Amino acid sequence: MAFPSAHLHRGEVVLRSSTPDEAGAALAGLVTEDTFRYYCTMYAKGPTEADYSHYWAQMQAVGHQPYLIEWQGRPVGQSCFMDHNRAAGTVEIGMTWYAPEARGTVVNPTCKLLMLQDAFDHGLQRVTLKCDARNERSRRAILGIGATYEGTLRCHHYACTGESRDTAMFSVIASEWPSVREQLEQRIGATHAAN
């Protein structure tokens, strides 16, 4: 089977490919005021359903694999495999966001476990993750899955607000995957035990 997979799931968490119209209908209404605050290419405020459908189609048109994320049978966010370089054996996980009710739950560690597993099962050597350097919630989440901080690219992009953005860079490489996987399994188990 080719990378990336169109459907990934574990327990009540499902990541699946979607049409732009389905994604727009499912996700536009979940956007809160802070969802895209630190995005480069999205919206300072929430998009309409048509805006979101167009955005999803653009991601697919440039070769990204966006996933509609469902938890307990309901849409709760998105994530995406981006910039897959087959020759270099690399890919990025990005454009990730969750509705407020999914934040701090089993959803993020499960999504990252599934996506990292898919990447390394297909022989990739590196998965990149990055975020606006000001985005403390994303930085904590990325470090919490066991990724390694590699440094900050200064004036790397513009945020959707027009401000200059520094980008914090992280990665997981194939040799680290067994220990990162174990850490994610422990986090998922602890979250289930606490709920």
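What is the diffusion coefficient of the chain in µm²/s, taking the Kirkwood radius over Cα pairs and the Stokes-Einstein relation at 4 °C with a viscosity of 1.567 mPa s? Roughly 76 µm²/s, to the nearest whole number. Taking Cα centre as origin and charging only the Cβ of basic (Lys, Arg, +1) and acidic (Asp, Glu, -1) residues, the dipole magnitude of the chain rounds to 360 debye. Computed from the C-beta positions of Gln58 and Ser17, the FRET efficiency with R₀ = 22 Å rounds to 0.90.
Each Cα pair under 8 Å and six or more residues apart adds its separation to the average, and for region 66-176 the resulting relative contact order is 20 percent. Across the options Ser179, Phe3, Pro100, the greatest Cα extent toward the positive end of the charge dipole of the chain (unit charges at beta carbon of Lys, Arg, Asp, Glu) belongs to Ser179. Just Ser179, Ser17, Ser138 to compare: in a GNM of the chain, with alpha carbon springs under 10 Å, which one fluctuates most? Checking each option, the largest mean-square fluctuation is seen for Ser179.
Over the chain, Cα pairs under 8 Å with separation of 6+ residues give a relative contact order of 20 percent. If you plug the beta carbon distance of Ala50 and Asp83 into 1/(1 + (r/R0)^6) with R0 = 30 Å, you get a FRET efficiency near 0.70. Considering the chain as a Gaussian network with a 10 Å cut-off on Cα pairs, which listed residue, Gly11, Gly123, Gly29, attains the greatest mean-square fluctuation? Sorting by GNM fluctuation, first place goes to Gly11. Taking 0.36 nm per residue of sequence separation and removing the Cα-Cα distance, the His156/Gln125 pair yields an extension gain of 8.7 nm.
Ordered by the count of other Cβ atoms within 10 Å of each Cβ, fewest first, Leu153, Leu124 give Leu153, Leu124.
Coordinate-derived values only; no laboratory data. If you're wondering where the values come from, they're calculated on a predicted model, not measured in any experiment. All Cβ positions, glycine included, derive from the backbone under ideal geometry; neighbour counts span all protein chains shown.
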